[in-house]
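**Q** Take this structure, written in structure tokens, and hold onto it; I'll ask about it next.
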Amino acid sequence: MRLAVAMRLLRRRSSHSKAEPAVHCSSMLPKPALEIHPAVNPFTAGDVAAVLLGRGWLRREDAAAAIWMAEAAALLGPRVANREDLGRLLALVFEYDAHAVLSSRECQEVLARRGTRDVLRVLAAGILDGGPVDSNRLKEIVAGIKARLPYSSREIFHPLRVALTGRVGGGELDRVVLLLDRAAQTEGLAPVKDVRTRILEFCAALD
């Protein structure tokens, strides 16, 4: 008798209880990350060729020159707004005078900062101890400076950019540095001073 009453009570409670809302699997999945679009590059190797031809920096349009111009467009294109700006960055590849660099006001301001000469000394050693400077080599050189000197990235990159490109600026100058050694080895281009030559000339003019 008691068992029968208990069963009736259980059935009554279950009939009056509310059904739990269904849980959709889609609501449990993490939201997708925002899509990151690469920087837009409106410039091509043809734009680089047009600048070089206009300045007398392209002597022969061969395969090696075409490869370098495509690399220059890929590296510099996303960092400039127009062909005039592209030409200014390309000029830093083909035009370099250590004495003129040292006479500039912006260079003097960098040289007057704390640690600049220490950075230049370790930078020169890193460049002269290795081969051509590509992206990996540049990272190794900078890492070596950071390991030996207690300076910030800004205190390292400003002297590096001044010594190798003759300008004070941002990351676009690092991309100019990456183009130097390959340009110096490309016969179809006008003569280019490579990274090794530039640091030697800069240090000699500094002394």
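The values are calculated or read from the model by the stated rules, or taken from the named source; none is laboratory data. A quick note: this is a predicted structure, and the numbers were derived from the prediction, not measured. In this analysis, Cβ positions are derived from the backbone assuming ideal geometry, glycine residues included, and neighbour counts consider all displayed protein chains.
**Q** Please give the number of the condition Thr116 fails out of (1) among the polar types (S, T, N, Q); (2) closer than 17 Å to Ala204 by Cβ; (3) under 22 Å from the mean Cα position of the chain (by Cα); (4) surrounded by fewer than 17 Cβ atoms within 10 Å (Cβ to Cβ).
**A** With (1) among the polar types (S, T, N, Q); (2) closer than 17 Å to Ala204 by Cβ; (3) under 22 Å from the mean Cα position of the chain (by Cα); (4) surrounded by fewer than 17 Cβ atoms within 10 Å (Cβ to Cβ) applied to Thr116, the lone miss is (4).
**Q** Also: Restricting to the stretch 147-173, and then to whatever is over 20 Å from Ala112 (Cβ atoms) and in contact with a helix residue (DSSP H, G or I) (Cβ under 7 Å, 6 or more places away or on another chain), can you tell me which residue is surrounded by the most Cβ atoms within 10 Å (Cβ to Cβ)?
**A** Glu172
**Q** If only one of Val168, Val176, Val162 is at pLDDT below 95 and either under 23 Å from the mean Cα position of the chain (by Cα) or of a type in the set (Ser, Thr, Tyr) (or both), which one is it?
**A** Val168
**Q** Moving to a separate point now. Would you be able to tell me the number of residues in the stretch 151-190 that are free of Cβ contacts under 8 Å to residues at least 12 places away in the same chain, farther than 22 Å from Val80 by Cβ and assigned to a loop (DSSP other than H, G, I, E, B)?
**A** Number satisfying all stated conditions: 1.
**Q** Something else: Kindly evaluate Ala125 against the criterion of being modelled with pLDDT of 95 or more, surrounded by fewer than 17 Cβ atoms within 10 Å (Cβ to Cβ) and under 30 Å from Gln185 (Cα atoms).
**A** Taking the combined requirement at face value, the residue satisfies it.
**Q** For the stretch 66-94, which positions are in contact (Cβ under 8 Å) with a residue 12 or more places away in the chain and either in a loop (DSSP other than H, G, I, E, B) or touching a Lys or Arg at 6+ places or on another chain (Cβ under 8 Å) (or both)?
**A** Trp68, Glu71, Leu75, Leu76, Arg79, Val80, Gly87, Leu89, Leu90, Ala91, Leu92, Phe94
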